[in-house]
Amino acid sequence: MKKHLHLISALLLVSLTTFSQHRSLSLNDSLIGFDEKSVIAAAPHRGIIASEMPVYLAINQRDFLKQKYNLRSEPAPKMDYPLNAKANAAICVNEDFEEASLSSPVPGTLNITTASGINGWSGSSGLHPGTATGSCLLTGCCSGAPNTMSVIAPGSSGLFDPIIGPSYPIHSVYGASLNANATAVNGFPSYGNWFVKLNDANPGGGLSRLTKTISVTPSNVYFNFAYIAVVQGAHCCCDNDGVSLIFKDCLGNTLASSSQYSIATPAGGG
């Protein structure tokens, strides 16, 4: 982390030095208008932890200066990535869950009860550990076998979720063959028959998790995915539902330079 901080600081210094050859301004003058409080307030929502804050601030300051003074960086060397590049075949298999068609008819539902029940993936489940023990981080999740996980091929009518209702039938998005019914509903070309569903509409503190590890190389940098989040609000603080997309390096450190994404339903009182 220190090496990254030194590099970013050096880049920032070079930009300021280059600019000062034309206009004699100090660092504080250059950062006038930079809303540091808002940047810091947004950090937790982007998955930034305390040890990453200096790098996170430096990156935002650099971007602010580049926009303020119309500074431009040298363009990154162009790399030609094929649009159909996929992850290593030895690791990334059954990304679209379509292997279910090899042994099951469509429409159909496969209830997953073992960790290896979905080829190429690892499934598990657990109980919500409670706010006092760190539920925001899902501490203790998930050591049990999956119990609310299923692979579903709904057929031409699509899946009617009990919460969403029939207004939006759910179809597969990725697969080998074009799905005309899914394309008509989604408004873009959709493929395949099968997708996975985690959790259900029954009340309780159950959690489900489905994981896959992928080795990323220059030839497989694209990984497209689709999801629908059905969440119930009115819970308190960390008990509430939400979805977060966080990018980390191989050591588990959040990448401060990558865009993070999260949604959460409004918390209830009490």
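Quick look at the numbers
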read-out: THR265, sole failed condition from (1) open to solvent by 70 Å² or more (accessible area, probe 1.4 Å); (2) at pLDDT below 80; value: (1)
read-out: Hits in region 223-262 - residues which are small (Gly, Ala, Ser) and either modelled with pLDDT of 70 or more or touching a strand residue (DSSP E or B) at 6+ places or on another chain (Cβ under 7 Å) (or both); value: ALA226, ALA229, GLY242, SER244, GLY252, ALA256, SER257, SER258, SER259, SER262
read-out: All positions within region 163-222 that are more than 26 Å from GLY242 (Cβ to Cβ), in contact with a strand residue (DSSP E or B) (Cβ under 8 Å, 6 or more places away or on another chain) and open to solvent by 30 Å² or more (accessible area, probe 1.4 Å); value: ALA176, SER177, LEU178, PRO189, TYR191, ASN193
read-out: Among the residues listed as CYS142, CYS136, the single one being surrounded by 14 or more Cβ atoms within 10 Å (Cβ to Cβ), at pLDDT below 95 and among the hydrophobic types (A, V, I, L, M, F, W, C); value: CYS142
read-out: Residue, modelled with the lowest pLDDT, within region 30-54, restricted to residues that are more than 24 Å from VAL243 (Cβ to Cβ) and among the polar types (S, T, N, Q); value: SER51
read-out: Tally of residues being modelled with pLDDT of 95 or more and of a type in the set (A, V, I, L, M) across region 183-203; value: 1
read-out: Total residues in region 29-70, condition under 22 Å from SER262 (Cα atoms), open to solvent by 60 Å² or more (accessible area, probe 1.4 Å) and either touching a Cys at 6+ places or on another chain (Cβ under 6 Å) or of a type in the set (A, V, I, L, M) (or both); value: 4
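So that you can scan it fast, the table gives a plain yes or no per residue for (1) more than 25 Å from VAL93 (Cα to Cα); (2) in contact (Cβ under 8 Å) with a residue 12 or more places away in the chain; (3) aliphatic (A, V, I, L, M):
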| position | (1), (2), (3) |
| --- | --- |
| SER143 | no, yes, no |
| ALA153 | no, yes, yes |
| SER156 | yes, yes, no |
| VAL173 | no, yes, yes |
| GLY192 | no, yes, no |
| LEU198 | no, yes, yes |
| GLY205 | yes, yes, no |
| LYS212 | no, yes, no |
| TYR222 | no, yes, no |
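The values are calculated or read from the model by the stated rules, or taken from the named source; none is laboratory data. Predicted, not measured: the structure shown is a model, and the values here were computed from it. Cβ atoms come from the backbone with ideal geometry, glycine included; neighbour counts cover every protein chain shown. Remember, those area values only see protein heavy atoms, side chains included, never the ligands or the DNA or RNA. Shrake-Rupley method; radii C 1.70, N 1.55, O 1.52, S 1.80 Å.
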